[in-house]
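Below is one structure; the comments refer to it alone.
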Amino acid sequence: MRVTLTSPADRPERYLELDHEREVVMLLGAQDELLGSVRWEVLIKLIVTAAADAEGQEKRSSPRAPVALRVSYRTRDQEEVVSVTRDIGGGGTFIETATPLPRGTELTVDFVLPDPPFEHVRAKARVAWVREVAERIIFLPGMGVQFVDIDSQVRAAIQQLVLRLNESRGNADPLQTPE
């Protein structure tokens with residue numbers, strides 16, 4: 001099956017072609033030259049991941065700001081994993097990891113806030129959504145975790161940090177991180 005892609009007048013005509021036997025989607029140019037291809041299983045993962053990513057962002061209850069913090073987390077089996085956050089907010093954080101935990105997994109996260117008095121944070125969290133594969137090169141795999149048990153003063157400190165970071169960066173919509 002071949003589908004013509006509509007594009008602006010300044011771009012040559014392109015087509016998507018589905019190869020059912022090889023389970024591949026191909027992008028073809030105006031002279032039927034192969035511009036690229038992707039296996040169905042990769043495309044399916046990308047679609048599922050993008051949908052989960054969007055769902056996770058829609059459910060945010062508080063603003064977030066991009067910030068890289070060293071974070072460690074432990075699951076119920078007490079295995080410790082060390083990683084880095086991509087963003088944080090009073091309601092949760094995104095942890096970059098090549099091996100995200102399944103949605104719904106409960107864990108304990110530990111990190112240190114970057115401003116004096118460099119407060120150590122320990123919170124119980126739950127995996128709210130998962131990005132299994134990298135998107136658009138710059139968005140690494142990982143998991144969005146929601147804080148389910150965190151000290152109210154610590155949550156307030158995180159919210160103040162987010163406010164300062166977003167103001168200093170001129171973010172117009174602090175509920176959304178750039179993606």
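The values are calculated or read from the model by the stated rules, or taken from the named source; none is laboratory data. What you are looking at is a predicted structure, and each value in this text was computed from that prediction instead of being measured. With ideal geometry, Cβ positions are generated from the backbone for all residues, glycine too; neighbour counts draw on all protein chains shown. Heavy atoms of the whole protein, side chains included, go into the accessibility calculation; ligands, DNA and RNA do not. Shrake-Rupley method; radii C 1.70, N 1.55, O 1.52, S 1.80 Å.
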Could you tell me how many of the residues in the range 135-171 are part of a loop (DSSP other than H, G, I, E, B), closer than 16 Å to residue 89 by Cβ and modelled with pLDDT under 90?
1
Looking only at the range 105-133, count how many residues are part of a loop (DSSP other than H, G, I, E, B) and either touching a residue at least 60 places away in the same chain (Cβ under 8 Å) or open to solvent by 40 Å² or more (accessible area, probe 1.4 Å) (or both).
8
Please name all residue pairs, on different chains or six or more residues apart, with Cβ atoms under 6 Å, provided the first residue is in the range 13-32 and is on the phi > 0 side of the Ramachandran plot and the second residue is open to solvent by 50 Å² or more (accessible area, probe 1.4 Å).
23/40
Name the residues in the range 73-99 that are of a type in the set (Ser, Thr, Tyr) and open to solvent by less than 10 Å² (accessible area, probe 1.4 Å), would you?
73, 85, 93
Would you confirm, using the coordinates I've provided, whether residue 140 is within 17 Å of residue 69 (Cα to Cα), open to solvent by 10 Å² or more (accessible area, probe 1.4 Å) and touching a residue at least 40 places away in the same chain (Cβ under 8 Å)?
yes
